[in-house]
Amino acid sequence: CAARAAQVLAEMAKDEEMKTPCIEADLVPALVPLLESTDQELLLHAGRAIGRICYGNRDLQEELVRVGVITSLVRILTDYAESEPLVHVDLLALYNLADLDTAKEALSKTKVAEQLVKQLRRAKNHERLEMVFEVLQALAQNDALKVQFMEAGVQEVLSEILLRLQGSSRAEDTCIVKAASDLIASLLLGDSSSWNAQICSSTSTKQLSLILTMLHLSVACLDFSFQKVDGNCTRMLQLGVIHQLLDLLEKHAESGAVSVQHAALSALRNLTIPVVNKEGVAGRIQALLRSEAPPAQFKLLETLRMLADGQADAAEILGQDPMLLTRLVQWCDANDHTSIRGEANRLLASILRHNRSQEVVKAIQDAQGVKHLVAMTTSEQAAMQNEALSALAIASAINLETLEEPFKESQLVQSLHKLLQDDNTSPEVKYNSMGLLCSLLNSGPLRQEIEEDNIKETLQHLCSHRNADVAQEAARTLGVLEGDT
């Protein structure tokens, strides 16, 4: 009668209100030993009953792991790999336990990776594929299991799936491709030296090329997240991934394939984080400026800003490109797309902040970009205000003579005065505003504006500001204004 009793319990446990009585009756400890049976019907009903009773109960799930249920689940997956109902229940159980560190640790000591890859290969319908992907994605957070997945050949199976579904516009195929790409992103992350070694030894350029075919598919966003591990980014560079991405971008720049552009730029943005990976990319990426798709434009601006970050050479290349600067200024006026407008302004500021060239300052002024940076100082976001203030201070130190007239036309002095007077202005913005004022005092015409706007009185008031840094900077700026330093 065990199979029939387990079936009754499985049906009862569908009702949320029946779970507590089942737990109080110690039915779970009574059901667990049944997972050692060779009776498939008994295994099926016992598995369903245990899963439904323990669903969402972390304490019970931890207890299941402690009593060795992981070993039983892997045995069932191995011995009954072709039983659709048993595999379904087994995968559900693994997914429900996969968030537990103790479960991942126990699974890493079994051959679950080999069995899951086999199930991925033999899955014939979307529902089963999605289920296996969910289990793999949950377990891919564990470094030891990642290595085992690669050893079991998961990358070849993923590539086969992506190639098979290439070009499909069906919604269910798109979901599978998205799940496959998310899993690849997780597999390409790693912290341990053993995982890094595995990446190098088992992933050839040909294999990476197959993985990158996902970029041709109709997916809204495939975002490889390499940013956690600079070492892996560098290895991807050595294998030629960055220039493969650039090839794809150039190929699809005018095709209207927005998802491809967005996906490749997402990957490229993360891959270019390590400084060494930025070399040689700035020149090629500018060819993508002709894209008219807002999502791709935003991602392009974000990627270019990442390239300029901390790289004087890259900032100088970008800052002397007339086509790029013209396009940037156009985007700074994009009233219909506030995110693009904001990112364009941030890129202009980044170029100025990370370069030391008078030519770049002049080029940005010639492109009418300075007025946008002045306007950026009054942004609603303090981070953007500080970026603009720092950029203008650096530009003033490099080539103040070029900027005198645009600063007067855009009423920079008056904007800075308002920031200093406004009680809602953050201390950091006030501090940076005074730093910029000190640079402007090196110009006769701008000094005259500062004196006429009676900023001296505001600085005197700020000398007693509750923020010590602001008070100290106010005293220093006042000294510069009065000619003491």
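The values are calculated or read from the model by the stated rules, or taken from the named source; none is laboratory data. Treat the numbers as computed from the prediction; the structure is a model and nothing was measured. All Cβ positions, even for glycine, are placed from backbone atoms using ideal geometry, and neighbour counts span all protein chains on display. Just the protein is used for accessible areas: all its heavy atoms, side chains included, with ligands, DNA and RNA removed. Shrake-Rupley method; radii C 1.70, N 1.55, O 1.52, S 1.80 Å.
Within the full protein context, the accessible area of R353 is estimated at about 70 Å² for a probe radius of 1.4 Å. Across the stretch 89-105, coupling constants 3J(HN,Hα) worked out from phi with the 6.51/-1.76/1.60 Karplus curve, θ = phi - 60°, read 5, 5, 5, 4, 5, 5, 5, 5, 8, 5, 6, 7, 4, 5, 5, 4, 4 Hz, and Gly and Pro carry x. Electrostatic bookkeeping for A152 treats Lys and Arg as +1 and Asp and Glu as -1; over the other residues with beta carbon under 12 Å from its beta carbon, the sum is +1. Count charges around P322 for me, please; just the other residues with Cβ under 13 Å from its Cβ, Lys/Arg as +1, Asp/Glu as -1. Taking every other residue near P322 into account, the sum is -1.
The string of couplings for the stretch 9-21 from the Karplus curve (6.51, -1.76, 1.60, θ = phi - 60°) is 4, 4, 6, 4, 5, 5, 7, 4, 5, 8, 5, 4, x Hz, one whole number per residue in order, with x for Gly and Pro. For the stretch 1-109, the gyration tensor built on C-alpha atoms gives an oblate shape. Its axis ratio a/c (a ≥ b ≥ c) is at least 1.5, and a/b is not larger than b/c.
Peptides 105-111, 122-128, 313-319, ordered by how many other C-beta atoms sit within 10 Å of their residues on average, highest first, read 313-319, 105-111, 122-128.
The accessible area of F149, taken with all protein chains in place and a 1.4 Å probe, comes to roughly 0 Å².
Residue ranges 130-139, 321-330 sort as 130-139, 321-330 when ordered by packing (mean number of other C-beta atoms within 10 Å per residue, highest first).
When Lys and Arg each count +1 and Asp and Glu each count -1, what net charge do the other residues less than 13 Å away from I53, Cβ to Cβ, add up to? Charge balance near I53 sits at -4. Restricting the stretch 47-116 to chymotrypsin sites (Phe, Trp or Tyr not before Pro) that sit in a DSSP loop and have at most 16 other Cβ atoms within 10 Å of their own Cβ leaves Y55. Among the GluC sites (Glu not before Pro) found in the stretch 384-485, those both in a DSSP coil and sparsely packed, with 10 or fewer other Cβ atoms within 10 Å of their Cβ, are E482.
Could you sort out which of K408/K430; K146/K178; K362/K408; K14/K104; K430/K456 sit more than 24 Å apart by Cα distance in this structure? Going by Cα-Cα distance, K14/K104 fall outside the 24 Å limit. Calculated FRET efficiency, Q330 to D423, Cβ-Cβ distance, R0 = 51 Å: about 0.90 to the nearest 0.05.
Sorted largest first by accessible area at a 1.4 angstrom probe radius, with every protein chain in place, the residues T174, T458, T378 fall in the order T378, T174, T458.
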